[in-house]
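Everything below concerns the one structure shown next.
Each reported figure results from applying straightforward, stated rules to the coordinates on display, with no laboratory input. All of these numbers come straight from a predicted model, not from anything done at the bench. Neighbour counts run over all protein chains shown; Cβ positions are idealised from the backbone, glycine included.
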Amino acid sequence: MDVAIFDTYVKRREGGYMHFDIIVSADTNYENVLTFGNAYLKSKSIEKQSVSSRDCRFCHVQEVIPIWEQNIRQHGYHIYELEGCR
């Protein structure tokens, strides 16, 4: 399975940024990618902010890693946390 990686930065209200990748099946609609990003923010109790096209950009396509594939099959996406996500 090939996956698309979307590099995402969301400015935090208290300062700084959350930097994470949204990883989806390569054929996923971009609107769904944004929806998945917003679901992730909600899961982190950051509901007053949202992921927009300014925040989320396509980066590259690569072969899936098994843990990513499991999450993509279950939820439609996988989030790879990079900075400021905890």
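Quick one: longest stretch of the chain between exposed loop GluC sites (Glu not before Pro), exposed meaning at most 10 other C-beta atoms within 10 Å and loop per DSSP? Can you show the working numbers first?
Numbers: sites that count: Glu14, Glu47.
The reported range is 48-86.
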Helix 66-75 sits off the longest principal axis of the Cα atoms of the chain, rounded to the nearest 10 on a 0 to 90 degree scale, by 70
Long-range amide H partners of Val51, meaning residues 5 or more apart or on another chain whose placed amide H is closer than 5 Å, are Asn38
Label-point gap, in nm, between Asn32 and Arg73 - each point 7 angstrom along Cα→Cβ: 1.6
Starting at the first residue of region 77-82, write each ³J(HN,Hα) from the Karplus equation 6.51 cos²θ - 1.76 cosθ + 1.60 with θ = phi - 60°, in whole Hz, x for Gly and Pro. 7, 9, 10, 10, 6, 10
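Can you pull out the trypsin sites (Lys or Arg not before Pro) in region 24-69 that DSSP calls coil and that have at most 16 other Cβ atoms within 10 Å?
On the way: sites: Lys42, Lys44, Lys48, Arg54, Arg57; in loops: Lys44, Lys48, Arg54.
Taking region 24-69 and a limit of 16 other Cβ atoms within 10 Å, the loop trypsin sites (Lys or Arg not before Pro) found are Lys44, Lys48, Arg54.
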Relative to a virtual label point 7 Å from the Cα of Tyr17 in the Cα→beta-carbon direction, which members of region 55-70 show backbone nitrogen distances below 20 Å? 55-61
How far is helix 30-43 tilted, in degrees, relative to the longest principal axis of the Cα atoms in the chain, given as a value from 0 to 90 rounded to the nearest 10? 50
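Express the Stokes-Einstein translational diffusion coefficient of the chain in µm² s⁻¹, to the nearest whole number, given a Kirkwood radius over alpha-carbon pairs, 25 °C and a viscosity of 0.890 mPa s. Present the calculation step by step, with values, prior to reporting the outcome.
Details: Rh = 12.8 Å.
My calculation gives 191 µm²/s for D.
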At what distance in nm do the modelled label points of Lys44 and Glu83 sit from each other, each positioned 7 Å from its Cα along Cα→Cβ? 1.3
